[in-house]
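Q: Sharing a structure, written as structure tokens. Questions coming.
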Amino acid sequence: MDRINKTSLILGVVWVVVSYLMVTQLLSEWFYARPVWLIPLTIIGGVIVIRILFDYILKYDFFNKNYKKRERGK
């Protein structure tokens, strides 16, 4: 894939910020009672799911309307 799906990129960054704030502010007691590997897995796992969803399953970019047409042509 030579073009970046801007929708997945923006949603990934939003997910990182929101999940970091949730971990540090809202769910800090719950997360710190769990194993240490669960915090990065939660943050990175969400980004991976968003990337797979928009790049491989939906194949849609809200900011670039020709994204789906170019991907079909390959």
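Q: For the stretch 3-24, which positions are among the aliphatic types (A, V, I, L, M), more than 18 Å from Phe62 (Cβ to Cβ) and surrounded by 12 or more Cβ atoms within 10 Å (Cβ to Cβ)?
A: Val16, Val18, Met22, Val23
Q: Taking the stretch 19-34, which residues are of a type in the set (Asp, Glu) and under 15 Å from Gly46 (Cβ atoms)? Working first, answer last.
A: Taking the stretch 19-34 as the starting set, the residues that turn out to be of a type in the set (Asp, Glu) are 29.
Passing the criteria: none in range.
Q: I want to confirm something. Restricting to the stretch 25-59 and keeping residues that are over 26 Å from Thr7 (Cα atoms) and among the polar types (S, T, N, Q), which single residue is surrounded by the most Cβ atoms within 10 Å (Cβ to Cβ)?
A: For the stretch 25-59, the residue satisfying everything is Ser28.
Throughout, read-outs are computed from the coordinates displayed, never taken from laboratory work. All values derive from a computational prediction rather than experimental measurement. Reconstructed Cβ throughout: ideal geometry from the backbone, glycine too, with neighbour counts over all protein chains shown.
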